[in-house]
Amino acid sequence: MATSKVTTADFDEVVLKSSTPVLVDFWAEWCGPCRAIGPILEDISNEYGEKLKIVKLNTDEESAIAIKYGVTSIPMLNVYVNGEVVKTIIGAKPKPALLKELEAFI
Amino acid sequence: MIRDLVIVGSGPAGYTAAIYASRAQLTPVQYEGSVTAGGALMTTTEVENFPGFVDGVMGPVLMEDMRKQAARFGTELITDDVVEMDLKGDIKTVKDGSGNVVQARAVILAMGSAYKKIGLANEDRLSGRGVSWCATCDGFFFRDQTIAVVGGGDSAVEEATFLTKFATKVVLIHRRDSLRASKIMAARALNHPKIEMLWNTEVVDILGAEKVSGLALKNTLTGELSERDFTGLFVAIGHIPRSELIIGQIDLDNEGYVKVEARSTRTNLPGVFACGDLVDHTYRQAITAAGSGCQAALDAEKFLSH
């Protein structure tokens, strides 16, 4: 399935209360590496979205959440299981490298 | 099917090579890189010195336009990474991250360079926790904070100047007593009210448990050690050539740059040409990279016609 957008308003519902693991892509329009991994995350979501839900959080629009989770570098990918961050990936990586980092969840 | 030409890498060198090679009807395949497509200019802001752009041009826009120009003449662009190359012999083999193999009679190498790390143990640990290599990506998160930039060249000065948009104060730390950056950019930094210069200073450690809280510094003249509080560190101390895939197959210099025969892009392997930051530790400009990309395509064209 395709990735979806998450906001401050539905972060609790969509991410923290999810019964399956959720990957949040912290990104922004002006961040080149973020745009570079966009299609890769889309691919991964299409292939593995049933097991690992992938959502995108725009740090420009939703800076409160970004600050709360201590984001200082984007792209930053956080995996949440039962409301806790269990994995953080920082920086753009090729698809095989991302899949390897995410293998516990897919 | 054996192709004429494969171009490995994008950026001004790779795209210019592709424009020339596709206009010469070599129908090149170009591996742009899955996350590195467009190269170093993708994380810069305004490029003021690329001729023809009177009012400057944004780095990513320039790359997007070069890419379109390459596509226009029939370059087959592949947004994937090359993971293996066999460059010896008459037919060169290139394997990509999806397992596809492309064979060609000539290869142009344009993999560019990657950020150099300071080499401190805490640098990786605090990466994304206040240590960054990309001011345009991460500057936003340092609003109203005091941050450090280490380096003395164009990229350090550009990052420092860019970061003043967000930070209260930017301290530019350089181990010498003058900047290597071009004069116009250096003057901009030196005269900027938010930028403080810390000359003759080396970063010897990055402090902080969960995130960056400060730096341990050493005066390179007196050896005196000190600590200073910062919430962020941007590293801009230069680049290393991305030649890791071809070590052992092709002649490299001591620093890992591909060696080319002077006034050409010919490497020691027949049919293999190299251009851009992968060969250049002197000029390293968008325009020189583009120029060498053009040379590589012409060299390849000549090689293929014999």
Search segment A:59-106 for residues being buried (at least 19 other Cβ atoms within 10 Å of the Cβ) and assigned to a strand (DSSP E or B), and hand back the single one that is farthest from the other protein chains (Cβ to nearest Cβ).
A:Y80
Quick check on segment B:40-50. Is at least one of its residues in a helix (DSSP H, G or I), within 14 Å of chain A (Cβ to nearest Cβ) and in contact with a strand residue (DSSP E or B) (Cβ under 9 Å, 6 or more places away or on another chain)?
yes
Given the options B:K88, B:K68, name the one that is among the basic types (K, R) and part of a helix (DSSP H, G or I).
B:K68
Taking strands (runs of 3 or more DSSP E) that do not extend beyond segment B:216-306, which have at least 2 residues that are farther than 16 Å from B:V107 by Cα?
B:225-229, B:232-235, B:239-241
Can you name every residue in segment B:215-243 that is among the small types (G, A, S) and under 27 Å from the mean Cα position of the chain (by Cα)?
B:G232, B:A236, B:G238, B:S243
Looking at A:I89, A:I44, A:I74, A:I40, which one is farther than 24 Å from B:V83 by Cβ and among the hydrophobic types (A, V, I, L, M, F, W, C)?
A:I74
All-but-one check, B:L179 against (1) over 24 Å from A:G32 (Cβ atoms); (2) surrounded by fewer than 19 Cβ atoms within 10 Å (Cβ to Cβ), failing number (2)
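Just to be sure before I move on: is A:E50 surrounded by fewer than 20 Cβ atoms within 10 Å (Cβ to Cβ), in contact (Cβ under 8 Å) with a residue 24 or more places away in the chain, out of contact with any strand residue (DSSP E or B) (no Cβ under 6 Å at 6 or more places or on another chain) and within 14 Å of chain B (Cβ to nearest Cβ) in the structure I sent?
It is false that A:E50 is surrounded by fewer than 20 Cβ atoms within 10 Å (Cβ to Cβ), in contact (Cβ under 8 Å) with a residue 24 or more places away in the chain, out of contact with any strand residue (DSSP E or B) (no Cβ under 6 Å at 6 or more places or on another chain) and within 14 Å of chain B (Cβ to nearest Cβ).
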Modelled with pLDDT under 95, buried (at least 16 other Cβ atoms within 10 Å of the Cβ) and either within 30 Å of A:E29 (Cβ to Cβ) or of a type in the set (D, E, K, R) (or both): is that true of B:G112 in this structure?
no
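The rows are residues; the columns are (1) at pLDDT 95 or above; (2) β-branched (V, I, T).
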position	(1), (2)
B:E202	yes, no
B:G208	yes, no
B:S226	yes, no
B:F234	yes, no
B:G238	no, no
B:I246	yes, yes
Which of the residues belonging to segment B:19-39 are within 9 Å of chain A (Cβ to nearest Cβ), among the small types (G, A, S) and touching an Asp or Glu at 6+ places or on another chain (Cβ under 9 Å)?
B:G33, B:S34, B:G38
Just to be sure I understand, how many residues within segment B:35-90 are modelled with pLDDT of 95 or more, polar (S, T, N, Q) and closer than 19 Å to B:L109 by Cβ?
1
So B:E46, is it under 16 Å from the mean Cα position of the chain (by Cα) and among the acidic types (D, E)
yes
Scan of segment B:95-109 for residues that are on the phi < 0 side of the Ramachandran plot, part of a loop (DSSP other than H, G, I, E, B) and exposed (fewer than 15 other Cβ atoms within 10 Å of the Cβ), ordered by number:
B:S98, B:N100
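The values are calculated or read from the model by the stated rules, or taken from the named source; none is laboratory data. Quick caveat: nothing in here was measured; it's all calculated off a predicted structure. Note: ideal-geometry Cβ built from the backbone for every residue, glycine included; neighbour counts use all protein chains shown.
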